[in-house]
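Enquirer: Quick one: the structure is below, questions incoming.
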Amino acid sequence: MKDRPWLPYCAPFFLYMGFLLLQSRLPADSLLYMYPVRAVAVAAVLIYFWKHYAELRAPGQGLSAVAWGIAIGLIAIVIWIAVDPYYPKTGKLMTDFSLWLGRLFGYAEPPATADKPPFDPTTIASLPARYTFIAFRIFGAAVVVAFMEELFWRAFLIRWLVKEDFQTVPVGTFTMSSFVFTVLMFGAEHDQWLAGIICGVLYNFLYYRTKSIRACVIAHATSNAALAAYVLATGDWKFW
């Protein structure tokens, strides 16, 4: 992997994004099997490349880094939920922009369509299938996504933006350009772009504060696990 040191960090992320693209083109009931397949496939790639993630085996800051990770993870998800009603999401912004362009160039406006409701796993008739889906959904978010995204955003990209030979850049190295770019792109990755930007700032702060990728993984896992608990407790499926 000496000639392609970026591959172990990028392959799981882009495989995950490929699944999201495929999923957007499939009927809603495909989620029943797409979530488990996606979680297992991305986890398998992470395991395959595991020996290359030296950042996860680096000496950390012990309980302090863990405590920081949990605290930042909880703060991030409280903000994620709290700001949700107060800004338009990426999908709506893109739809509104498309309509504006249509009006600008005189195209006929398409008929209004109802918003697609979020997938509700309680509609799965079979209880074993329902609980299996929920288990894979939690595992995918709190474990697979936490490792996959932190290895891409903060073990790879934020350092690659400092220097192409990113493995020579110490974890926690700060530059304004890498900070701003990763925060904005992390936000753009999510439909909840504003919450994504805020969380990107918090996760980057943790990265600089602890100089630990493990702490960032713990924070991301805490956020996603807490969001799963909130969704299951309230039935607010739009967050899933």
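The values are calculated or read from the model by the stated rules, or taken from the named source; none is laboratory data. As the structure is a computational prediction, the values presented were derived from the model and not from experiment. Virtual Cβ from ideal backbone geometry, glycine too; neighbours counted across all protein chains shown. Protein only, heavy atoms only, side chains kept; ligands, DNA and RNA dropped before computing areas. Shrake-Rupley method; radii C 1.70, N 1.55, O 1.52, S 1.80 Å.
Enquirer: Exactly which trypsin sites (Lys or Arg not before Pro) in the stretch 1-84 are in a DSSP loop and have at most 16 other Cβ atoms within 10 Å? The partial results should precede the final answer.
Expert: Working: sites: 2, 25, 38, 51, 57; in loops: 2, 25.
Passing both the DSSP loop test and the Cβ count: 2, 25.
Enquirer: Further, regarding this structure: Compute the acute angle (0 to 90°) between the alpha-carbon long axis of helix 62-82 and the principal axis of greatest extent of the alpha-carbon atoms of the chain; round to the nearest 10°.
Expert: Once rounded, the angle reads 20 degrees.
Enquirer: Can you report the principal axis dimensions of the stretch 84-177 using only the alpha carbons, biggest first, rounded to whole angstrom?
Expert: Its Cα atoms span 54, 50, 24 Å along the three principal axes.
Enquirer: Further, regarding this structure: About its Cα centre, what dipole magnitude does the chain give when the only charges are +1 on Lys and Arg Cβ and -1 on Asp and Glu Cβ, stated in debye to the nearest 20?
Expert: Numbers: 19 positive and 15 negative charges, 109 e Å.
With Lys and Arg at +1 and Asp and Glu at -1, about 520 debye.
Enquirer: Could you size up the charge dipole of the stretch 143-240 around its Cα centre, putting +1 on the beta carbon of Lys and Arg and -1 on that of Asp and Glu, and report it in debye to the nearest 20? Intermediate results must be reported in sequence, preceding the final value.
Expert: Values: 7 positive and 7 negative charges, 67 e Å.
It comes to approximately 320 debye.
Enquirer: Another question about this same structure. What FRET efficiency comes out for the pair residue 168/residue 64, r = Cβ-Cβ distance, R0 = 22 Å, nearest 0.05? Walk me through the numbers before you get to the answer.
Expert: Values: r = 26 Å, r/R0 = 1.18.
The formula returns an efficiency of 0.25 here.
Enquirer: Per residue, how large is the accessible surface of the chain? Use a 1.4 angstrom probe and give square angstrom.
Expert: Spelled out: the 1.4 Å probe surface of the chain, per residue, equals 54 Å².
Enquirer: Work out how far the C-alpha atoms of the chain reach from end to end along every principal axis, then list the three figures in whole Å, largest first.
Expert: So the extents along the principal axes, rounded to whole Å, are 56, 50, 37.
Enquirer: In the chain, what is the count of Lys pairs whose alpha carbons are under 23 Å apart, counting only pairs at least 8 residues apart or on separate chains?
Expert: Close lysine pairs found across the chain: 10.
Enquirer: Using a simple charge model, +1 on the beta-carbon of Lys and Arg, -1 on the beta-carbon of Asp and Glu, nothing else, what dipole does the stretch 1-59 show about its Cα centre, in debye to the nearest 20? Provide the component values of the computation, followed by the final result.
Expert: Details: 6 positive and 3 negative charges, 34 e Å.
Roughly 160 debye, rounded to the nearest 20.
Enquirer: Can you compute the radius of gyration and Dmax for the stretch 1-104, using only the Cα atoms, both in Å?
Expert: Every Cα atom of the stretch 1-104 included, Rg and Dmax give 19.4, 58 Å.
Enquirer: Another one. Which of the listed residues, 167, 197, 226, is farthest toward the dipole's positive end in the chain, when Lys, Arg count +1 and Asp, Glu count -1 at the beta-carbon?
Expert: Going by the charge dipole, the pick is 167.
Enquirer: Give me the percent of accessible area attributable to carbon and sulfur for the chain, probe 1.4 angstrom. Write out the running numbers ahead of the final one.
Expert: Numbers: 9080 of 12920 Å².
On the chain, the fraction of accessible area on carbon and sulfur atoms equals 70 percent.
Enquirer: Using the alpha-carbon centroid of each, what span in Å lies between the stretch 132-172 and the stretch 1-45?
Expert: With the stretch 132-172 and the stretch 1-45 each reduced to a Cα centre, they are spaced 13 Å.
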